[in-house]
Every structure is written in structure tokens, then in C-alpha cells.
Amino acid sequence: MKIFEHPGQTPVQLIDRYEGNIELFMKREDLIHPLVSGNKWRKLKYNMIEAHTLGYNRIITFGGAFSNHVHATAAAGPACGLETIGIIRGDIVEPLNPTLRQASEWGMKLVAVTREEYRMRSDPEFQAELKKRFGNCYLIPEGGTNVLALKGCAEITIGTEKYDYWCVSCGTGGTLAGLLTGLGPDETVLGFPALKGGLFLKEEIKQVLNLAGVSSRARWELITDYHFGGYAKISKELVDFMVDFRKHYQILLDPIYTGKMMFGIADLLKQGFFRENSRILAIHTGGLQGITGIEKKYGINIK
Ligand SMILES: *Cc1c(COP(=O)(O)O)cnc(C)c1O
């Protein structure tokens, strides 16, 4: 499984310096692999190895029509000798959007389920039914979050310097949970949920940490003010910010996750949220594959 054999070390670059001797860095997880991007590479790594070790030849997983996780799984499957099935929330609209078209071209079998069915994705009975229908598959939950994903995400911290703040965008919170297991007590992790419902997310993160049998030594907090109305919702202000960011720093952000997080960090910097003399590390979790679809959906330009 050559795709997951490299150590996954990604560069850290200085973004800017701010009043109060505050420095902002970015860890470029978006550069980890050309197709299996960012945190999805981290989350899939030990799952794909496990599926392979246990002798499965098929992966089944879940996601929305623009899902970075579905896209990453579809890309990783063939590289690991595994077939992939994607259970997609809602209708699969033809012609396929760029995310699903790419996934399908890589051999993923796309199966649309209603939103009601999709809500049962974690239900053991529903999962058993899927396994009956599609053969004995290795099941990866939505967003790739499970105990093995935490193990992969903890590796983001390997070989990095000390930072006072680690900032990460959150969907399911699996990446944040993994980071927590890799960090120490003098580090604070700030999670920026890309969806509404921060309270619920906090419980989910505690739950997956429990499942993994680890407790966090690092402090952590969810910053819930920057979801822009919900998952994949955007505003002109957000788009303008991302375009400016790209022009200024030559780094492309995605509108669903990293754009909102960086907007949030910039806003917090203005508000004087961060301690003086602190070093902030923002993680670019990737997700750039989704830009084209969102651009088309809203008729905007980010790239
Ligand atoms: C999936 C994804 C996230 C969210 O990761 P979780 O582990 O589900 O919190 C953040 N950023 C990007 C770019 C993603 O694709």
C-alpha cells in the first residue's frame, strides 16, 4: 500500500506577524498527496491498512454529494487494491458534479439513499443490511471518523515544533480529537466547526476520545461563530476573504472548511483573542477538490 507508506510529513510556513509579537503559521496538509488530500489521508491511512490486513476487498462509506471524504476514499481504494462503495445522501444529480464524477471514474460505486435512510448511517441494523446487500465490506463512517482515524490524525503532530495554539476546522471533529491525543498540556487546540451545532459536536468529540481510550492532555475549545449559516453555506464576505488570502499569500483555501477557519482566525486576531508573544499553527486540512463544485453551485470564483 505504497500510497500510505510515506511518513506524511508536511511543510510549515510562516503566514504573517501581528501586533503583540504574534506569529501565524500554516501546516500544509493539503500538500500531503495530490489526490487523497489533507486530513482525509490521515484518517484513511490506518483504516485502509486494517481493511487490507483483515482481508477485506471492499470498502463502504458515507457522505454528501461534495464530500471530501468520499472523494478521498474513491482515490485511495484502487491504490490499496480495494473496491469502494459510496452511500450518498440525497439524490445523485446527473450530470454528476465534479466530486462524484471523479469518484465514479475511479471506480467507486455510488448509491443514493434518501435523507431519512442516511440518518440511520450509524445504526447497526442499517449497516448490517448494507453489508448483506453489498457483500462483506469494511465500513468507514461518515467523514472517516473512527478510532483508527484518530491514530492517523495524531501523526499530524509528529516532528512539529511547539505552538501555543493549534487551529483546525471541524466537521465530525475526528481530526481535532486525533490532534488532542498527540499534543501536550501547554498547547491549546481551537476547533472551528464548519456546521451549526457546536454543543453536539463537543459531545461527539468526547465520545470518540472515550472510544479510543485516550484522554486529552491539551486544552481545547470550539469556536462556533464562523460556520456562516451551516455546512457548505457561504457569504460574499467569506468569498472575498478567500480571494484576498490567495492573492496575498498564494495559498488556496476551500470554502467549506479551511476558508471559514482562516476567516475566524483573522477575526480573532483583530479582536485580540490570542495571547501576546504566541505562536499559532493553522492546519490546512485540504479539501481543494470541492472548490469547483461549490463555484458552480453558487456562480462564484475562488481560484
Ligand atoms: C473533512 C474535512 C474537515 C473536517 O474533518 P473532521 O475530522 O470531520 O472534523 C476539515 N477540513 C477539510 C478540508 C476536510 O475535508
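Coordinate-derived values only; no laboratory data. Small disclaimer: the values here were computed from a predicted structure and weren't measured.
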Enter the mean projected area of the convex hull around the alpha-carbon atoms of segment 161-303, in nm², rounded to one decimal. 8.9
For the chain, alpha-carbon Rg relative to the globular expectation (2.2 N^0.38 Å, N residues): 0.96
Long-range share for segment 82-233, i.e. C-alpha pairs more than 24 Å apart as a percent of all pairs, stands at 44
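Just the number, please: percent antiparallel of the DSSP beta bridges in the chain, rounded to the nearest 5.
15
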How big is the equivalent ellipsoid of segment 40-144 along its three axes, where each semi-axis is √(5λ) from the Cα gyration tensor, reported in whole Å from largest to smallest? 19, 17, 12
